[in-house]
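*Asks:* Input: one structure, supplied below.
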Amino acid sequence: MDVTELTRKLIAFDTINPPGDEAAAMAFLKDLLEGADFECRLVESGDRRCSLVATKGLSADAAALAFTGHLDTVPLGDAPWVHPPHAGVVENGRLHGRGSADMKGGVAAFLCAVLESPTPPGGIVLLLTGGEETGSDGAKALVEAGGLPKIGALVVAEPTDNRAVPGHKGALWLRLKAHGVTSHGSMPQEGVNAVMGMAHALVAIEGFVPGPAHPVMGLCTSNVGTIRGGLNTNSVPDYCEVALDMRSVAGAEHASMRAALIGRIGTQIEIETIIDLPAVWTDPQDPWIASITAHAVRLAGADPAPSSMPYFTDASVFTPALDNVPTIILGPGEAEMAHKTDESVSILRLQQAQAIYSAAIADWTGTLS
């Protein structure tokens, strides 16, 4: 199967999240994989929301090589697109459409690789998820459903421009809530202003670095993403809410980051967790990481130096659940294209990714650690 054509087929499914609606796309892939002798299991996570586990050649004496990718995409935005976002137009060596880079192109590349490669010792596991864009909901549903087979290493086909990346930052998203007492705006002394209470907290966390640094992943970061408060101009607001996005590195515990935040803003601000996904990191000297990195260098001219991605992936859920197996983030999309208007992917990168994945499959021995 041609990787470009399969990517076009996947782009044609409207899986914008919300609402997601991955069911039709998952059914298409289930039929495709069952036709190639994969055993498939759908796990539902809501109305027309589902994820798929597909396995082939599993063995009690060896571990499988796993690939994962999500089928949901982000909304289109208000700006007009040059090409229809679900048409999969090919132009000037690039395939255009929502999800082409993030990450239906990566999914198509590893599907083509496994369908065209001999099954290695230990077998192949495919973890195809929905709901990644809203906090890895599909991956969580697969883990909670149980029954995942023995996996020895994990490839995450998120966009890296085919560079082999051994880790990514984690995400701790928090909702900060300030409460006050409302009163007439002409008599502010009769109320307690929640917006001003939140303002003092925001000043306290300006420039806040919530955790330790990592030699490759860099600094932990914090960003105030949204703020909402107030009833109307002539009332003292009794509620204010802020969404805080903190990104962690390997070695930074989220509980410690939360405690550090409380140390800055005090206990008068209520804190609610929105998303809690840990960083993922595998030693670049791990033999399997070194091997797939060499394939990326040879087949795609990728930079071999260890690096990290700033975004989170489903590996934040899968890797800890799989006893922290070696994990690589490697996909044909460019991270800079993710979520953009007129998203596209290089057809050459799609072909290179398929070749890298095929080489990794050919190398796989299934050796249990």
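*Asks:* For segment 215-225, what does the Karplus curve 6.51 cos²θ - 1.76 cosθ + 1.60, with θ = phi - 60°, yield as ³J(HN,Hα) per residue in whole Hz, taken in order and with x for Gly and Pro?
*Replies:* Going residue by residue, I get x, 10, 6, x, 8, 5, 10, 9, 9, 7, x Hz, with x marking Gly and Pro.
*Asks:* Do the sum for the chain: with -39,500 (n - 2.57) for every DSSP H run of n ≥ 4, divided by all residues, what is the mean residue ellipticity at 222 nm, to the nearest 500 deg cm²/dmol?
*Replies:* -9000 deg cm²/dmol
*Asks:* What's the whole-number percent of alpha carbon pairs in segment 79-155 lying beyond 16 angstrom?
*Replies:* 65 percent
*Asks:* Roughly to the nearest percent, how much of the accessible area of the chain is carbon and sulfur, given a 1.4 Å probe?
*Replies:* Using a 1.4 Å probe with all protein chains present, the chain comes out at 54 percent carbon and sulfur.
*Asks:* Sticking with this structure for a sec: Ignoring ligands, DNA and RNA, what accessible area per residue does the chain give at 1.4 Å, in Å²?
*Replies:* Spelled out: the 1.4 Å probe surface of the chain, per residue, equals 41 Å².
*Asks:* Let me ask something additional. When only C-alpha pairs under 8 Å and at least 6 residues apart count, what is the relative contact order of segment 199-274, in percent?
*Replies:* For segment 199-274, the relative contact order is 34 percent.
*Asks:* What size of dipole, in debye to the nearest 20, comes out for the chain about its Cα centre when the only charges are +1 on Lys and Arg C-beta atoms and -1 on Asp and Glu C-beta atoms?
*Replies:* Computed charge dipole of the chain: roughly 360 debye.
*Asks:* Shifting gears a bit: Can you give me the distance in nm between label points at Gln268 and Asn324, each placed 7 Å from the Cα along the Cα-to-Cβ direction?
*Replies:* Calculated label separation equals 4.1 nm.
*Asks:* May I pose another question? Based on alpha-carbon centroids, what's the gap between segment 44-78 and segment 172-219 in Å, whole number please?
*Replies:* 38 Å
*Asks:* Students often check this: by mean Cβ neighbours within 10 Å, which of 328-336, 195-203, 237-245, 265-273 ranks highest, and how do the rest follow?
*Replies:* Packing order, densest peptide first, comes out as 328-336, 237-245, 195-203, 265-273.
*Asks:* So for segment 55-205, taking the charge dipole from beta-carbon charges (+1 Lys/Arg, -1 Asp/Glu), which of Ser136, Ala171, Ala194 sits furthest toward the positive end?
*Replies:* The one lying farthest along the dipole's positive direction is Ala171.
*Asks:* Taking the alpha-carbon centroid of each part, what is the distance from segment 245-264 to segment 112-146 in angstrom?
*Replies:* Cα centroid of segment 245-264 versus Cα centroid of segment 112-146: 29 Å apart.
*Asks:* Next question. Please report the accessible area of Glu144 (heavy atoms, 1.4 Å probe, ligands and nucleic acids excluded) in Å², nearest 10.
*Replies:* The accessible area of Glu144 comes to roughly 150 Å².
*Asks:* Follow-up. Using DSSP H assignments, which helices in the chain have an axial alpha-carbon span of 18 Å or above and a mean Kyte-Doolittle hydropathy of -1.0 or higher?
*Replies:* 287-300, 347-363
The values are calculated or read from the model by the stated rules, or taken from the named source; none is laboratory data. These numbers come from a predicted model, not from an experiment. Cβ coordinates were reconstructed from backbone atoms using ideal geometry, including for glycine residues, and neighbour counts include every protein chain displayed. Protein only, heavy atoms only, side chains kept; ligands, DNA and RNA dropped before computing areas. Shrake-Rupley method; radii C 1.70, N 1.55, O 1.52, S 1.80 Å.
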